[in-house]
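Step one of this worksheet: look at the structure below.
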Amino acid sequence: MDDEPPALSSIPFRRSTRQSGWREPLGIRARRLQRKILSQDQSLGGRWWLLFHMVLKPLHNLLRIVSLIKLVGFKVKKQFGIPIYRQVLDQGRLVLSTGALPWAYYMCELYRVGRMRHAGELVMRSPMKYGVFKALNRIEIEARRRERKLGDKVAVAAWCSEAGLPHPHPIIRVEQGEIIWQGRSKSDLDRDLFIKRRHSRGAADAAALRRVGPLEYLDEHGGTVTLDRVLAELQRKSHHWNQMVLPMLRNHPALAGLAEDSLITFRILTCLDERLRPEVTNVYLRSMAKLEPRWHVGRLEEFAAPIDMKTGMLGRMTGDKPECLSDWFDRHPITGAPVTGRVVPFCQELMQLALTAHSMVPEMVLVGWDFAITEAGPVLLEGNSFADTAYPQRVYQQPMGHMRLGQLMSFHFDRLEDKLAQSPGFFLNR
């Protein structure tokens, strides 16, 4: 059996691991920091949050092991000869030591020989999103005073214009039942359109409208709708969340075959380096299956492939759910288009734009930027201040602790531990 990482309860709170020759695995350290951060808030709400993340959520995740075994466990037993009891024990260790969801065992292929030895280097989204990111982004007080919100797409569009970053301009906004025109006239809407929430991340409630006639569109269900009907529906929904209507962007011809109806996106992770300057650490292509009405892929939401930052060449493609297991594709699994070795256009320009964008939000340690490459060139779609740290580890087939990003996060964890030692609870003040 693989070497077992230390249990969470056996890891003492320590100011830093820099003084020791032994380096604490990055994922376990993130989990320990989350516990330390959450414990600073002694309010009733803070204590409940600590109980939830440190006790209730791990218990829930342990129960989820049963459904995962039913979903893919027997397939792993058949293909790799890993007994069911071994899979259960490994997932339990993963949940309790790193705070990971048990599906990480399958997503990161920890059932392969020797992989569990490095499970502690996996950095899961929960410790980062619920604790560590917030504290990291509040270390530098001066930078935080210049804070810009990434979640508000209208605000992002404004500072993109300020920085000269190419971005899609909304034609209209619909807020609290009111239509707010951003374009010049109604004729600006007589084209293919894309609808999304103003404050959401990802593709929540997103919809594409294909023009089939003057101010008439084909909706996602295949029915024809008029502009007046579209606007009326947006006004109704806007009492729950604000909406934006943008022109439909089209993929660059060099990306042909990697999507049908959806926009190919490029996730670029930028992290402040040891001099607190933005550095690009990871770039990967995302093919959004959930926005393709004719793709029947079950629960899968996207396919992704890593991009070599020097050559712009794509690596092998994979999916984002546990049932993908060890499926890696040299050609797109749905369209059959070539993937591996394909060169992405404007790759260097994309990375430079990401660095420029990060320079506008210097208080944020790590940002996940989403770009598109259109017929007119690269376009910034949005930035994610709580970037997913789990999926890139599958895409790159290695834990974060073994990446350049892991080196930088270890540096920032040192900064955070020093700050916590000097000013406990500093991040609690808004």
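What are the aspartates and glutamates whose alpha-carbon lies under 15 Å from the alpha-carbon of LYS237, with same-chain residues fewer than 8 places away excluded?
Within reach: GLU175, GLU178, ASP205, ASP228.
Got a sec? Charge dipole of the chain, +1 on Cβ for Lys and Arg, -1 for Asp and Glu; which of LEU366, GLN176, ALA337 is way out at the positive end?
LEU366
Could you work out how much longer the chain between LYS57 and ARG299 gets when fully extended? Use 0.36 nm per residue separation minus the Cα distance between them, nm to one decimal.
Length gained between LYS57 and ARG299: 84.8 nm.
Probe 1.4 Å, all protein chains in place: accessible area of SER359 in Å², nearest 10?
Only protein atoms counted, so the area is about 70 Å².
So, with +1 on the Cβ of K and R and -1 on the Cβ of D and E, and no other charges, what is the size of the charge dipole of the chain about its Cα centre, to the nearest 20 debye?
Charge dipole, the chain, about its Cα centre: 1260 debye, nearest 20.
Of all accessible surface on the range 325-371 at a 1.4 Å probe, what whole percent is carbon and sulfur?
Of the solvent-accessible surface of the range 325-371, carbon and sulfur hold 58 percent.
Using alpha-carbon pairs under 8 Å, 6+ residues apart, how would you state the relative contact order of the chain in percent?
18 percent
Can you flag which of LYS134/LYS290; LYS36/LYS149; LYS196/LYS290 are past 20 Å Cα-Cα?
In this structure, LYS134/LYS290; LYS36/LYS149 exceed 20 Å between Cα atoms.
For the range 86-158 and the range 305-358, what is the centre-to-centre distance using only Cα atoms, to the nearest Å?
First find each Cα centre; the distance between them is then 21 Å.
Could you rank TYR85, TYR391 by how accessible they are, 1.4 Å probe, largest area first?
Result, largest first: TYR85, TYR391.
When the helices in the chain are scored as -39500 (n - 2.57) per DSSP H run of 4 or longer and the sum is shared across all residues, what 222 nm value do you end up with, to the nearest 500 deg cm²/dmol?
Theoretical 222 nm ellipticity from helices: -8500 deg cm²/dmol.
I'd like the GluC sites (Glu not before Pro) in the range 237-285 restricted to DSSP loop residues with at most 14 other Cβ atoms within 10 Å, sorted by number.
Answer in residue order: GLU260, GLU274.
Accessible area of the range 38-77 with a 1.4 Å probe: how many percent of it is carbon plus sulfur?
With neighbouring chains kept in place, the figure for the range 38-77 is 70 percent.
If you roll a 1.4 Å probe over the heavy atoms of the protein chains, what accessible area per residue do you get for the chain, in Å²?
Per-residue value: 45 Å².
List the lysines whose Cα sits under 23 Å from the Cα of LYS70, skipping any in the same chain fewer than 8 residues away.
The qualifying lysines are LYS57, LYS78, LYS321.
Are there any trypsin sites (Lys or Arg not before Pro) in the range 74-129 that are in a DSSP loop and have at most 13 other Cβ atoms within 10 Å? List them by number.
Passing both the DSSP loop test and the Cβ count: ARG112.
With the full set of protein chains in place, find how many percent of the accessible area of the range 216-309 is carbon and sulfur; take the probe as 1.4 Å.
49 percent
I want to check the label-to-label distance for GLU260 and ALA232. Put each point 7 Å from Cα in the C-beta direction and report it in nm to one decimal.
Calculated label separation equals 3.1 nm.
Return the long-range amide H neighbours of ARG250 (sequence gap of 5 or more, or a different chain), with a cut-off of under 5 Å between placed amide H atoms.
GLU375
The values are calculated or read from the model by the stated rules, or taken from the named source; none is laboratory data. Bear in mind that the values here come from a model prediction, so they are computed numbers and not experimental data. A quick note on method: Cβ atoms are made from the backbone with ideal geometry, for glycine too, and the neighbour counts reach across all protein chains shown. Side chains included, ligands, DNA and RNA excluded: accessible areas come from the protein's heavy atoms. Shrake-Rupley method; radii C 1.70, N 1.55, O 1.52, S 1.80 Å.
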